[in-house]
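Colleague: The structure follows.
Each reported figure results from applying straightforward, stated rules to the coordinates on display, with no laboratory input. Owing to the predicted nature of the structure, the values given are computational and were not obtained by experimental measurement. With ideal geometry, Cβ positions are generated from the backbone for all residues, glycine too; neighbour counts draw on all protein chains shown.
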Amino acid sequence: MSDGNAGKRLRSSGSYGKLDRDGFIHRSWMKSQGLPDDVFDGRPVIGICNTWSEITPCNAGLRDIAEHVKRGVWEAGGLPLEFPAISLGETQMRPTAMLFRNLLAMDVEESIRGNPIDGVVLLGGCDKTTPGQMMGAASVDLPTIVISSGPMLNGKFRGKDIGSGTDVWKFSEAVRAGEMTLPEFMSAESGMSRSPGTCMTMGTASTMASIVEAMGMSLPYNATIPAVDARRKAMSHETGRAIVRMVQDGRTMSQVVTRASFENALRVHAAIGGSTNAVVHLLALAGRLGIELTLEDFDVLSRDVPLLVDLQPSGRFLMEDLHYAGGVPAVMKALEPFLDPTALTVTGAPIGAQYEQAEVWNAEVIRPLDNPVKPDSGIWVLRGNLAPGGAVMKPSAASPELCSHTGKAVVFETIEDFRARIDDPDLDVDETSILVLKGCGPKGYPGMPEVGNMPLPTKLLEKGVKDMVRISDARMSGTAFGTVILHVSPEADAGGPLAIVQNGDVITLDGPGRSLSLAISDAELENRLAVWRANQPPPKYTRGYAKLYVDHVLQADKGCDLDFLVGASGSIVTRESH
Ligand code: FES
């Protein structure tokens, strides 16, 4: 036993420390893996929760990472035990990985609570794996540290850097506009994804990894060290040591993730031009921890924070560039006046100690407060009769001239309806129109897919139109861009006003005024909703996880968690298994 454990009875002792039949069972079966007697001497048992999977390519490097965590745990006197959790590959799972984020959270929560572990290292990366693991771990509240997959190497195509997702959207619109051939488009495919790791733009994975680091839930540089860089292995080794110390110190996740760390994270989110998806993930995480966090907090806390990081999709560079420029610590240093340096980190040191010595090595990539990339960043939260529960947009990725706009609605009832008609030459649409998509919210799809950045009509692309106002109850990829209003709450399928928008209705977006309104009277709105309610079909999902999800999912303004999962149940299990 290492000295740090002296006098402390760990959670795992309830299984491995018993000199009776139950202790025999817990130890004996573990010894089948070749573990010697003395590893059950009361040392910290560290779970390594791994979302490695070959069909989650962004997490394909995590098997190797787990081995480096184990080295650090052994070295610090702990016992590392790796276990799997359902893996969610954003680019592979249908109908959308978001449908299963809460399933992963349930898997992680029950795996941590049910097993004899004292602390846990979460290995994730692809968009939904980080929030799903964090949510599950928060509801148990053991000492917890996150290691992210790390970003892929920068994409390369014809002598230039290209970004995951962002350039897919650009290139596919260029093909439809006749500016790029299909063979050229296909040849970019191999150059875009050159290594394991997450999307190397400031998509949702990079956003969530940056937030994890800004919250103090990982060691420094976790968000930006490229997935295949040897430094990530070294950081994983150090994380193995750190989690053992965290257990010995008795520091739990809820001591690290506080309102102060959320506020720091929301400000960093604005400075990096983070994904809109962080809104639903952080609301859900706060709900698990019982921390008061509202949709408005995203707007209020980011209001004075400009865009400092020049990364795609809001800017030019990629995650490798951000790492070499100084990473999240350098961003936090640049953002210092907005941050609370006293917020705790997993090591027990305040977050300020993590960035106080940081330097910016490339001022093109990380800009100072007095010379930002763009003055407006963060999240705008819009309200009005079209979104009484709120809607979000990302000003840094929008066209300034469209942020205040009035236009006539061109309505699509479902994503299939959209795909069938968007390129119809007879579609009554011009560049002043507002595209409205329904049926893509948490209940409607189900799972709230990333389809809110609807492709523009080909006939307008051919005229040179690059952006239009688009409104939906969907999400969009963190790698996407445009004047896109997302997460309209309540969604159409929950009877929100979005359900009754008709072709030709006039909609006004006032981004600076934070409003989104439909120009019809309250009486007309209510009449249309009454007709809509009277014509609802029977439920589509009658069994399985989809039914559980649709019956219990909260709306986007509450984070899309399942209603019965909000909150925490702690780590105590009183009953034995035999
Ligand atoms: Fe996995 Fe982007 S698809 S991180």
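Colleague: Take region 105-132 and flag every residue that is hydrophobic (A, V, I, L, M, F, W, C) and either buried (at least 24 other Cβ atoms within 10 Å of the Cβ) or under 13 Å from the mean Cα position of the chain (by Cα) (or both). Working first, answer last.
Modeller: Filtering region 105-132 for residues hydrophobic (A, V, I, L, M, F, W, C) gives 105-106, 108, 112, 117, 120-123, 126.
Those that are hydrophobic (A, V, I, L, M, F, W, C) and either buried (at least 24 other Cβ atoms within 10 Å of the Cβ) or under 13 Å from the mean Cα position of the chain (by Cα) (or both): Ala105, Val108, Ile112, Ile117, Val120, Val121, Leu122, Leu123, Cys126.
Colleague: Looking at (1) more than 30 Å from Asp551 (Cβ to Cβ); (2) within 16 Å of the ligand (Cβ to nearest atom); (3) among the β-branched types (Val, Ile, Thr); (4) surrounded by fewer than 24 Cβ atoms within 10 Å (Cβ to Cβ), which one does Val451 not meet, given that it meets all the others?
Modeller: Condition not satisfied by Val451: (1).
Colleague: Going by the structure shown, is Leu339 in contact with a Pro (Cβ under 8 Å, 6 or more places away or on another chain) and hydrophobic (A, V, I, L, M, F, W, C)? Break it down into steps so the answer makes sense when it comes.
Modeller: Numbers: in contact with a Pro (Cβ under 8 Å, 6 or more places away or on another chain): no; hydrophobic (A, V, I, L, M, F, W, C): yes.
So Leu339 does not fit the description; no.
Colleague: Which is under 23 Å from Asn277 (Cβ atoms) and charged (D, E, K, R), of Arg533, Arg470, Arg528?
Modeller: Details: Arg533 fails: under 23 Å from Asn277 (Cβ atoms); Arg528 fails: under 23 Å from Asn277 (Cβ atoms).
From the options Arg533, Arg470, Arg528, the qualifying one is Arg470.
Colleague: So which residues in region 89-103 are assigned to a helix (DSSP H, G or I) and away from the ligand (no atom under 14 Å from the Cβ), if there are any at all? Lay out the reasoning, then the answer.
Modeller: Within region 89-103, the first condition is being assigned to a helix (DSSP H, G or I), and the residues that meet it are 97-103.
Selection gives Leu99, Asn102, Leu103.
Colleague: Moving on. Count, please, the residues in region 45-59 that happen to be within 16 Å of the ligand (Cβ to nearest atom), farther than 11 Å from Val121 by Cβ and surrounded by 21 or more Cβ atoms within 10 Å (Cβ to Cβ).
Modeller: Looking only at region 45-59, we keep the residues that are within 16 Å of the ligand (Cβ to nearest atom), and these are 50-59.
Applying the additional criterion that residues be farther than 11 Å from Val121 by Cβ yields 51-59.
Among the residues that remain, those that are also surrounded by 21 or more Cβ atoms within 10 Å (Cβ to Cβ) are: 51-53, 56, 58-59.
Qualifying residue count for the region: 6.
Colleague: Scanning region 202-238 for residues that are surrounded by fewer than 24 Cβ atoms within 10 Å (Cβ to Cβ) and either without any contact (Cβ under 8 Å) to a residue 60 or more places away in the chain or of a type in the set (Asp, Glu) (or both), which turns out farthest from the ligand (Cβ to nearest atom)?
Modeller: Filtering region 202-238 for residues that are surrounded by fewer than 24 Cβ atoms within 10 Å (Cβ to Cβ) and either without any contact (Cβ under 8 Å) to a residue 60 or more places away in the chain or of a type in the set (Asp, Glu) (or both), the one farthest from the ligand (Cβ to nearest atom) comes out as Glu238.
Colleague: Yes or no: Pro84 touching a strand residue (DSSP E or B) at 6+ places or on another chain (Cβ under 7 Å), surrounded by 20 or more Cβ atoms within 10 Å (Cβ to Cβ) and within 26 Å of Asn222 (Cα to Cα)?
Modeller: Numbers: touching a strand residue (DSSP E or B) at 6+ places or on another chain (Cβ under 7 Å): yes; surrounded by 20 or more Cβ atoms within 10 Å (Cβ to Cβ): no; within 26 Å of Asn222 (Cα to Cα): yes.
For Pro84, the condition - touching a strand residue (DSSP E or B) at 6+ places or on another chain (Cβ under 7 Å), surrounded by 20 or more Cβ atoms within 10 Å (Cβ to Cβ) and within 26 Å of Asn222 (Cα to Cα) - is not met.
Colleague: Counting only residues that are among the acidic types (Asp, Glu) and either surrounded by fewer than 13 Cβ atoms within 10 Å (Cβ to Cβ) or without any contact (Cβ under 8 Å) to a residue 40 or more places away in the chain (or both), which one in region 18-44 is farthest from the ligand (Cβ to nearest atom)? Working first, answer last.
Modeller: Within region 18-44, the first condition is being among the acidic types (Asp, Glu), and the residues that meet it are 20, 22, 37-38, 41.
Those still in the list that are either surrounded by fewer than 13 Cβ atoms within 10 Å (Cβ to Cβ) or without any contact (Cβ under 8 Å) to a residue 40 or more places away in the chain (or both) too: 20, 37-38.
Values: Asp20: 46, Asp37: 42, Asp38: 41 Å.
Looking at residues that are among the acidic types (Asp, Glu) and either surrounded by fewer than 13 Cβ atoms within 10 Å (Cβ to Cβ) or without any contact (Cβ under 8 Å) to a residue 40 or more places away in the chain (or both), I get Asp20.
Colleague: Which of the following residues is within 16 Å of the ligand (Cβ to nearest atom) and touching a residue at least 12 places away in the same chain (Cβ under 8 Å): Ser477, Ser433?
Modeller: Numbers: Ser433 fails: within 16 Å of the ligand (Cβ to nearest atom).
Result of the check over Ser477, Ser433: Ser477.
Colleague: Out of curiosity, is Glu336 loosely packed, with under 15 Cβ neighbours inside 10 Å and under 12 Å from Ala271 (Cα atoms)?
Modeller: Working: loosely packed, with under 15 Cβ neighbours inside 10 Å: yes; under 12 Å from Ala271 (Cα atoms): yes.
Against the criterion (loosely packed, with under 15 Cβ neighbours inside 10 Å and under 12 Å from Ala271 (Cα atoms)), Glu336 qualifies.
Colleague: So which residues in region 430-446 are surrounded by fewer than 20 Cβ atoms within 10 Å (Cβ to Cβ) and not polar (S, T, N, Q)?
Modeller: To start, the set of residues in region 430-446 that are surrounded by fewer than 20 Cβ atoms within 10 Å (Cβ to Cβ) comprises 430-432.
Of everything in region 430-446, those that are surrounded by fewer than 20 Cβ atoms within 10 Å (Cβ to Cβ) and not polar (S, T, N, Q) turn out to be Asp430, Glu431.
Colleague: Could we say that Gly216 is under 30 Å from Lys459 (Cα atoms) and under 18 Å from the mean Cα position of the chain (by Cα) here? Steps first, answer last, please.
Modeller: Values: under 30 Å from Lys459 (Cα atoms): no; under 18 Å from the mean Cα position of the chain (by Cα): yes.
Criteria not met by Gly216.
Colleague: Taking region 489-524 as the search range and keeping residues that are of a type in the set (Ser, Thr, Tyr) and part of a strand (DSSP E or B), which one is surrounded by the fewest Cβ atoms within 10 Å (Cβ to Cβ)?
Modeller: Within region 489-524, the first condition is being of a type in the set (Ser, Thr, Tyr), and the residues that meet it are 489, 508, 515, 517, 521.
With the extra rule that they be part of a strand (DSSP E or B), the set shrinks to 489, 508, 515, 517.
On the way: Ser489: 23, Thr508: 18, Ser515: 15, Ser517: 19.
Across region 489-524, the extreme among qualifying residues is Ser515.
Colleague: Could you go through region 334-348 and let me know if any residue there is over 30 Å from Pro220 (Cα atoms) and touching a residue at least 24 places away in the same chain (Cβ under 8 Å).
Modeller: To start, the set of residues in region 334-348 that are over 30 Å from Pro220 (Cα atoms) comprises none.
Within region 334-348 (the criterion being over 30 Å from Pro220 (Cα atoms) and touching a residue at least 24 places away in the same chain (Cβ under 8 Å)), the answer is no, since none of the residues qualifies.
Colleague: Surrounded by 17 or more Cβ atoms within 10 Å (Cβ to Cβ), under 24 Å from Thr342 (Cα atoms) and of a type outside the set (A, V, I, L, M) - does that describe any residue in region 170-178?
Modeller: Scanning region 170-178 turns up no residue that is surrounded by 17 or more Cβ atoms within 10 Å (Cβ to Cβ), under 24 Å from Thr342 (Cα atoms) and of a type outside the set (A, V, I, L, M).
Colleague: For region 440-463, enumerate the residues that are within 14 Å of Ser275 (Cβ to Cβ) and without any contact (Cβ under 8 Å) to a residue 40 or more places away in the chain. Talk me through it step by step, then tell me what you get.
Modeller: Filtering region 440-463 for residues within 14 Å of Ser275 (Cβ to Cβ) gives 448, 450, 452-453.
The one that is within 14 Å of Ser275 (Cβ to Cβ) and without any contact (Cβ under 8 Å) to a residue 40 or more places away in the chain: Gly452.
Colleague: Taking Asn154, is it among the polar types (S, T, N, Q), over 16 Å from Asp561 (Cβ atoms), surrounded by fewer than 24 Cβ atoms within 10 Å (Cβ to Cβ) and within 16 Å of the ligand (Cβ to nearest atom)? Full working, then the answer.
Modeller: On the way: among the polar types (S, T, N, Q): yes; over 16 Å from Asp561 (Cβ atoms): yes; surrounded by fewer than 24 Cβ atoms within 10 Å (Cβ to Cβ): yes; within 16 Å of the ligand (Cβ to nearest atom): yes.
Taking the combined requirement at face value, the residue satisfies it.
Colleague: A further question on this structure: Name the single residue, out of those in region 159-188 being of a type in the set (A, V, I, L, M, F, W, C) and in contact (Cβ under 8 Å) with a residue 24 or more places away in the chain, that is nearest to the ligand (Cβ to nearest atom). Break it down into steps so the answer makes sense when it comes.
Modeller: Of all residues in region 159-188, those of a type in the set (A, V, I, L, M, F, W, C) come to 162, 168-169, 171, 174-175, 177, 180, 182, 185-186, 188.
The next check asks that each one be in contact (Cβ under 8 Å) with a residue 24 or more places away in the chain; those that pass are 162, 168-169, 177, 188.
Details: Ile162: 14, Val168: 11, Trp169: 13, Ala177: 25, Ala188: 16 Å.
For region 159-188, the residue satisfying everything is Val168.
Colleague: Specify which of the listed residues (Val365, Val346) is crowded, with 23+ Cβ neighbours inside 10 Å, among the hydrophobic types (A, V, I, L, M, F, W, C) and under 18 Å from Glu263 (Cα atoms).
Modeller: Numbers: Val365 fails: under 18 Å from Glu263 (Cα atoms).
The conditions single out Val346.
Colleague: Now, a different point. For Lys466, indicate whether it is touching a residue at least 40 places away in the same chain (Cβ under 8 Å), assigned to a loop (DSSP other than H, G, I, E, B) and surrounded by fewer than 22 Cβ atoms within 10 Å (Cβ to Cβ). Let's see the steps before the verdict.
Modeller: Details: touching a residue at least 40 places away in the same chain (Cβ under 8 Å): yes; assigned to a loop (DSSP other than H, G, I, E, B): yes; surrounded by fewer than 22 Cβ atoms within 10 Å (Cβ to Cβ): yes.
Taking the combined requirement at face value, the residue satisfies it.
Colleague: Report yes if Met192 is within 16 Å of the ligand (Cβ to nearest atom), under 26 Å from Leu461 (Cβ atoms), surrounded by fewer than 24 Cβ atoms within 10 Å (Cβ to Cβ) and over 14 Å from the mean Cα position of the chain (by Cα), otherwise no.
Modeller: The answer is yes for Met192.
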